[in-house]
Each structure stands twice: as structure tokens, then as C-alpha cells.
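The values are calculated or read from the model by the stated rules, or taken from the named source; none is laboratory data. Predicted model only: the values in this text are computed from it and were never measured. Note: ideal-geometry Cβ built from the backbone for every residue, glycine included; neighbour counts use all protein chains shown.
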Amino acid sequence: METNPSRITRPAGLYTTIYVVDTGIHINHADFGGRAYKGANYAPDNVLAGHPPRSDEDYNGHGTSVAGLAAGFRYGAAKRALVVDVRIFNDNGSTSYADEIAGIDWAVNDASRRNTIRSSVMNLSFGGFDVGTADALSSAVRSAVNSGLFTTVASGNDRINAAYFTPANVAEACTIGGTDANDNEYYYSNYGNLVDLWAPGSNITAPAATSDFAVKQVYGTSFAAPLVAGVAAIFKSYGTEYTNYSPQEFCTYLGQTIGTKGVLTFQSYGGDFPGPNILLYDGSGA
């Protein structure tokens, strides 16, 4: 694995904000140390037996693990960044395009209102097949990036070209594929020329939502993307040298500056281009 977040030191995301648009965040988890905050909740009502119709808690757990890899103290990259919970999935993982768009728009508006859009990052570890009905979602992500909000997106876990998966196929976003511990492309990771960078996405230890100290092993590009989001926040915490990049330029900069090139082994895709052979390296010397 090419990333070792425990080696990253000052400023470690200080004065930056990471918006996690997901299933919620267990903000009292010890890994966040009081740096995680409730932002907005656009999740549909719960239908699971024994669950309240509306909840701000992350009973699903996906969002807590995502946030912990972006900014958790033990396993995250940007250990001093603020984390904002933008909940769009209910407890069984259901949502709608309207909920997703509302969460994205809220994050953009919040960062704009705070005048922190250039020092903020948004992570989107969700998506689905683009069947021609997702134009509004793609447009919302594109607008977020064009507003100046650096946005990481998971490429997806269907072992297909990311061009068929949204919002991974939004070219303006920074789309992240997943790798395993041996620098192989994670078997289920989506791929293709819309993937900008690769990061660890297999057998990663992350915070769990079941208690204030719980951890678990996670797999998938959902957990590769927030590692890149956290590294982006680290760079942005150094100031205008990095915040003045456009989001697209900054994604390219990360790959060219701290990405390790030519080390990944890809599966055969029957002629499909797997994507750039750039594994994100955290720059810590690990």
C-alpha cells in the first residue's frame, strides 16, 4: 500500500473542510476528536423495522468509514480537517437523484457562504449505472466543481468502464479507482480514461459507526476516494499555493506531484484503457 496516513503531520488539513455526502457520520467517534459536525439531512425516511422514520445517526456505517479515512485521527489522512456530515442515504442505503443533488448543492452553498470553497473538499462515494436519467446529478456535480469545490468521486465497483457509471463519468471531478495491498487494481474497481488516480481500496481499517471506538475492514472504491480527499485537504491547508488551482488542475497536480507512476498491475479489459497508471502517494516518506 502506497499510503500511510499515520505518518502525515502538520498541517494535516488544518483550516480545511471536507464535506462527506453519504449515509451520515457517527460524529462522536473518537477518531474525529470533535472535528465532525452535522450539516444537512436529505435522506428519505427509513423503512427498516425498529428504526425511527427520520434519523441523523449513521446506522448504515458507510459514511462513518468514509469520513474516517478522509480525516480520522488513526486511519485518516487529514487529521486536523473539519468534517461536515451531509446525509443523503437512509439506514438501508436508499436515496434518490433529488436527495443526492440536494446534498451536493447544500455543500456548495455552505462552502460559498463561509467563503471557504477553495479550501474545502467534497467526497462522493456513491453512484450507479448511467441509464440516461442521471443528467441532473451529473450537472450538479459539474456545477460543484466549476464553482471551485474540489470533488473526489469513487469510480464504482462493477468492473466496468467508469464511462457508464455516474457521477464517476463526470470528467470535471477527480475520479478515483481502487487498488489492493500489492499495487494491483482492485478486482471490482471500475476503470477507464475517466479515472484520474488510483488509491488503496481493499482491506483497509476504518472507523465503524457501531460505537465511539469501533473499527472494521472495508473494501471498494468508496474508501479509495476519501483517502484522496484527505490528501487534497492536506495540500489545501498550506494556503493559496494550492487553493488557487482549479479543481481539475489540482487533481492533475496531485497525480503528477505525489503520484507514483507505473507501479500498478491492471487486469485485462479486452482492449479498454484501464486508466492512468498513477497510484496516489501521500508524500509522507512512507
Select, from 117, 88, the only residue that is free of Cβ contacts under 8 Å to residues at least 40 places away in the same chain, in contact with a helix residue (DSSP H, G or I) (Cβ under 9 Å, 6 or more places away or on another chain) and crowded, with 19+ Cβ neighbours inside 10 Å. 117
Taking segment 66-110 as the search range and keeping residues that are among the acidic types (Asp, Glu) and either modelled with pLDDT under 95 or assigned to a helix (DSSP H, G or I) (or both), which one is nearest to the chain's Cα centre (by Cα)? 100
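Counting only residues that are assigned to a strand (DSSP E or B) and over 22 Å from residue 110 (Cα atoms), how many does segment 147-168 have? Even if it seems obvious, please write down each step before you answer.
Taking segment 147-168 and keeping what is assigned to a strand (DSSP E or B), we get 150-154, 161, 165-166.
Right, trim to over 22 Å from residue 110 (Cα atoms) and you get 154, 161, 165-166.
Residues flagged as assigned to a strand (DSSP E or B) and over 22 Å from residue 110 (Cα atoms) within segment 147-168 amount to 4.
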Subset of segment 227-286 [modelled with pLDDT under 85 and under 20 Å from residue 118 (Cα atoms)]: 240, 241
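Can you work out which of the residues in segment 184-210 that are hydroxyl-bearing (Ser, Thr, Tyr) and within 16 Å of the chain's Cα centre (by Cα) is surrounded by the most Cβ atoms within 10 Å (Cβ to Cβ)? Show your work before the answer.
Filtering segment 184-210 down to residues hydroxyl-bearing (Ser, Thr, Tyr) leaves 186-189, 191, 202, 205, 210.
Then keep just the ones that are within 16 Å of the chain's Cα centre (by Cα); that gives 189, 202, 205.
Details: 189: 31, 202: 23, 205: 15.
The qualifying residue surrounded by the most Cβ atoms within 10 Å (Cβ to Cβ) is 189.
Please pick out the residue among 140, 181, 171, 144 that is part of a loop (DSSP other than H, G, I, E, B) and either buried (at least 16 other Cβ atoms within 10 Å of the Cβ) or modelled with pLDDT of 95 or more (or both). Spell out how you get there, then give the answer.
Details: 140 fails: part of a loop (DSSP other than H, G, I, E, B); 181 fails: either buried (at least 16 other Cβ atoms within 10 Å of the Cβ) or modelled with pLDDT of 95 or more (or both); 144 fails: part of a loop (DSSP other than H, G, I, E, B).
Testing whether each residue is part of a loop (DSSP other than H, G, I, E, B) and either buried (at least 16 other Cβ atoms within 10 Å of the Cβ) or modelled with pLDDT of 95 or more (or both) leaves just 171.
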From 131, 47, grab the single residue that is at pLDDT below 95, of a type in the set (A, V, I, L, M), surrounded by fewer than 15 Cβ atoms within 10 Å (Cβ to Cβ) and closer than 14 Å to residue 167 by Cα. 131
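From the list 223, 213, 235, which one is free of Cβ contacts under 8 Å to residues at least 24 places away in the same chain and under 25 Å from residue 11 (Cα atoms)?
Details: 223 fails: free of Cβ contacts under 8 Å to residues at least 24 places away in the same chain; 213 fails: free of Cβ contacts under 8 Å to residues at least 24 places away in the same chain.
One residue alone meets the criteria, 235.
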